[in-house]
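**Student:** Quick one: this structure, given as structure tokens, is what I'll be asking you about.
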Amino acid sequence: MPTLDSRLTCPSCGAPLPWHSAAPYTVCASCRSLLVRRDAQVENIGRVAQVPDDFSPFQLGTVGTFEQHRFALVGRLRKTWDDGSWNEWCAAFDDGRFGWLAEAQGDLVMTFAAGPAGVAPDGVQGLVAGSTWMIGKDPYVVTDVKQVSCSGAEGELARGGLDTGPMTSIDLRGPQLRFATWEVAGARAQLFVGRFVAFEECRFTQLRTLEGWGGASGRPT
């Protein structure tokens, strides 16, 4: 990935910030400050914990393809709830879009923001498992509702607002492999829509080398 701007430095510790994408947020690798870029200025908006090491085959710089569009993983959020945690990787696409590759319980899901965060629509806070929510002309069924928080972050991120505190995560299944998530924090909410993906279809490269995994293929041996 080409470096977008190598002249930026962290306002907290002075470390260089090699921004590779147009993502507005980044985490300083030196002091863990969460930073936002506003034109040519960089502002510190808080601190985040380091993402604990896990057995994910992905890493910053992993490259893949989704529906014939190339992307690179430029950042990661670690989401935590009472019974576990999962990774959400920020995927910077060559066409300028940002997606989120969620890696949870053996499933991979690619979603895209359906719009900016805003006032939660009527009825969203009352959704429970089994409820139905219309997205476009398609009915989606709520499969899971849980309280989550962001327990760590790294790299460049396309969003940083709702992820800085506790939120309600509402997962929905649509027709075929379609998937959606409402993230609700107080009176604000944001919708992400996409679908389940198979590991093989993304043709990943630049994966981590893990013991017991098949090297560049990233598959268990």
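Each value in this text was obtained by applying a stated rule to the coordinates, not by laboratory testing. Computed from a prediction, not measured in an experiment: that's the story for all the values here. Every residue, glycine among them, receives a Cβ derived from its backbone with ideal geometry; neighbour counts consider all protein chains shown.
**Student:** Which whole number in µm²/s is D for the chain by Stokes-Einstein, with the Kirkwood Rh taken over Cα pairs at 20 °C and 1.002 mPa s?
**Tutor:** D = 118 µm²/s.
**Student:** Would you mind counting up the charge near Ser169? Only other residues with Cβ under 9 Å from its Cβ, with Lys and Arg at +1 and Asp and Glu at -1.
**Tutor:** Its environment carries a net charge of -1.
**Student:** What number, in percent, do you get for the relative contact order of the chain if the mean sequence gap of Cα pairs under 8 Å and at least 6 apart is divided by its residue count?
**Tutor:** In percent, rounded to a whole number, it is 19.
**Student:** Let me ask you something else. Give me the net charge of Asn44's neighbourhood, meaning all other residues with Cβ under 13 Å from the Cβ of Asn44; Lys, Arg count +1, Asp, Glu -1.
**Tutor:** +3
**Student:** Within 10 Å, count the other beta carbons around each residue, average over each peptide in 116-129, 13-26, and list them highest first.
**Tutor:** The peptides rank, most packed first, as 13-26, 116-129.
**Student:** Another question, if that's okay. Going by a 4.7 Å Cβ-Cβ cut-off, which cysteines of the chain have no partner at all?
**Tutor:** Lacking a cysteine Cβ partner under 4.7 Å: Cys90, Cys150, Cys202.
**Student:** Find out how many positive minus negative residues lie around Trp133, taking Lys and Arg as positive, Asp and Glu as negative, among other residues whose Cβ is under 15 Å from that of Trp133.
**Tutor:** Neighbourhood net charge equals -2.
**Student:** Projecting each Cα onto the charge dipole of the chain (Lys/Arg +1, Asp/Glu -1 at the beta carbon, about the Cα centre), which of Gly123, Ala153, Pro24 comes out farthest on the positive side?
**Tutor:** After comparing all options, I get Pro24.
**Student:** Then there is this: What does the highest-first list of 100-113, 67-80 look like by mean Cβ count within 10 Å?
**Tutor:** With the highest mean Cβ count within 10 Å placed first, the list reads 67-80, 100-113.
**Student:** With the crude spin-label approximation of a point 7 Å out along Cα→Cβ, what separation in nm comes out for Asp83 versus Thr9?
**Tutor:** My value for the distance between the label points is 4.9 nm.
**Student:** Taking 0.36 nm per residue of separation and subtracting the Cα-Cα distance, what length does fully extending Arg178 through Ala114 add?
**Tutor:** 21.7 nm
**Student:** A further question follows. Could you give the length gained on full extension between Val128 and His69, defined as 0.36 nm per residue of separation minus the Cα-Cα distance, in nm?
**Tutor:** Length gained, Val128 through His69: 17.8 nm.
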